[in-house]
Amino acid sequence: MKLLMPAQPKEPAQPAKPPSFEMGLEELEKIVKDMESGDLPLERALELFERGMKLSDTCRKQLEEAETRVEILMKRAGEVQPQPFKTDK
């Protein structure tokens, strides 16, 4: 005879913590490499594309947050004023 344990209340699901910037970028690079191979079924390619878009957005937000933190720290120090990053393009 088996004794049944009372059902345990489930803990509320916590949102998944986003990957670190470095981990997100590494996964994004792998996704790009996999998609460039061209050997994926359409459904898998769509899954990877969707994941890549989410990772790209997460990494962009992390960069923006870091930039804001640097600007605040520089303003507090009263030293160099933040300048927009310029590329050669």
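Each Lys and Arg contributes +1 and each Asp and Glu -1, all at the Cβ; summed about the Cα centre of the range 21-77, the dipole is approximately 380 debye. Each 10 Å bin from 0 upward holds the following percent of the Cα-Cα pairs of the range 21-77: 23, 37, 21, 12, 6, 1.
Model label points for GLU43 and ALA66, set 7 angstrom from Cα along the Cα-to-Cβ axis, are 3.7 nm apart. Legend: calculated FRET efficiency, LEU25 to MET74, from the Cβ-Cβ distance at R0 = 35 Å, rounded to 0.05, equals 0.90.
Each value in this text was obtained by applying a stated rule to the coordinates, not by laboratory testing. This one's a predicted model, so the numbers in the text were calculated from it and none came from an experiment. Don't worry about glycine lacking a Cβ; one is built from the backbone with ideal geometry, like all the others, and counts go over all protein chains shown.
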